[in-house]
Amino acid sequence: MLLSRPIDSTTPSRAYAVLHEIARFGVKQAQACLFGIVMLTLMLVTRHVYPDWMPIHRYDFLFLAALAAQAILLARRMETLEEAKIIALYHVIGTVMELFKTSVGAWIYPEPGLFHIGSVPLFSGFMYSCVGSYLCRAWRLFDLKFTGHPSQTSLAILSVLIYCNFFAHHYLPDIRIALFALTAVLFLRTRIHFRVWQAVRSVPLLPGFVLIALFIWIAENIGTYSRVWLYPSQMDGWEPVSIAKMGSWFLLMIVSYTLVAMVNKPKA
């Protein structure tokens, strides 16, 4: 098999080694994204083929399926107990924000369900957990190390400011530009060192955060297309989510990263 074939002096060229490492990188990224892939797949499939005779609502099915997926990941040791605790905490953080955002009309959940708090179905917290799950699994799979990493205290302060701003900007001036600047200052010199196969690679961490935010924005478009939740502008027909939302996901991802870093303790 490609991913298990050893490389020795008789291997035709460096090109094979490059392709081999790219393939391993893709496989590891897919493993890290596994929970998110499962959730997005369920959203899309149930959008088109969820049968009327099912005894539970679609939202309740998604909630129970997410619980089952987490249980399977833990049982197969594809996720550690510490990672599950982070994911559960992020689920709570996400649900609290969902309760506020739906109350001010930022977005809505148009379908009924049994497992909910107020107007927020409980499965919605798992959509935030997908981000935490990815960060936890990627940290372990790629054996992440860092240089120039911010202190945990500074990250905690930044994350509290970010989280508070998601609520406060509805009533006070939005300080997200300052939050972007502060994030850039903290991570400007941070490099992430990771191992895909044999060699240790290194890249700046800040552009990596931007890429993650981009993929979350793409996933959000898939979620709204499946009508799991909708923005007011999408009520009369689906349209792409504004690219400006990518900035919101970037900031929220920093909160998730801080939670993961508090447990994993970034190593030099």
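No value in this document is a laboratory result; all are computed from the given coordinates. What you see is a predicted model, and the numbers here were worked out from it, not measured in a lab. Because the Cβ atoms are built from the backbone with ideal geometry, glycine has one as well, and the counts that use them run over all protein chains shown.
Results, tabulated for the structure shown:
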| item | result |
| --- | --- |
| Ascending count of other beta-carbon atoms within 10 Å, so fewest first, for Tyr50, Tyr163 | Tyr50, Tyr163 |
| Charge-dipole axis of the chain as Lys and Arg at +1 and Asp and Glu at -1 on Cβ define it, positive-most pick from His170, Ala30, Ala65 | Ala30 |
| Region 150-250, relative contact order [Cα under 8 Å, separation at least 6], % | 19 |
| Region 88-171 shape via C-alpha gyration tensor axes, a/c threshold 1.5 | oblate |
| Sparse-neighbourhood loop sites, chymotrypsin sites (Phe, Trp or Tyr not before Pro) in region 39-75 - DSSP loop, at most 16 other Cβ within 10 angstrom | Trp53 |
| Relative contact order for the chain, counting Cα pairs under 8 Å that sit 6 or more residues apart, in percent | 24 |
| Debye, to nearest 20: dipole size of the chain, +1 on Lys, Arg Cβ, -1 on Asp, Glu Cβ | 1060 |
| Residue-by-residue Karplus 3J(HN,Hα) for region 259-268, coefficients 6.51, -1.76, 1.60, Hz, glycine and proline x | 4, 5, 5, 5, 8, 7, 6, x, 9, 7 |
| Exposed-site-free run, longest, the chain (rule: trypsin sites (Lys or Arg not before Pro); DSSP loop; at most 14 other C-beta within 10 Å) | 78-188 |
| Vicinal HN-Hα couplings computed from phi for region 61-74 (Karplus, 6.51 cos²θ - 1.76 cosθ + 1.60; Hz; Gly/Pro x) | 4, 4, 5, 5, 5, 5, 4, 5, 4, 5, 5, 5, 4, 5 |
| Positive-end residue, the chain charge dipole about Cα centroid, Cβ charges, pick of Ala84, Gly118, Ile243 | Ala84 |
| Along each principal axis, Cα extent of the chain, largest first, Å | 62, 47, 35 |
| For Val120, distant residues with modelled amide H under 5 Å away | none |
| Calculated from backbone phi, Karplus (6.51, -1.76, 1.60) coupling profile of region 110-120 in Hz, x at Gly/Pro | x, 10, x, x, 8, 8, 7, 10, x, 9, 10 |
| Cβ-based exposure ranking for Met54, Met127, in which fewest neighbours within 10 Å come first | Met54, Met127 |
| Centre separation in Å (Cα based) which lies between region 43-106 and region 226-268 | 15 |
| Ascending count of other beta-carbon atoms within 10 Å, so fewest first, for Thr102, Thr258 | Thr102, Thr258 |
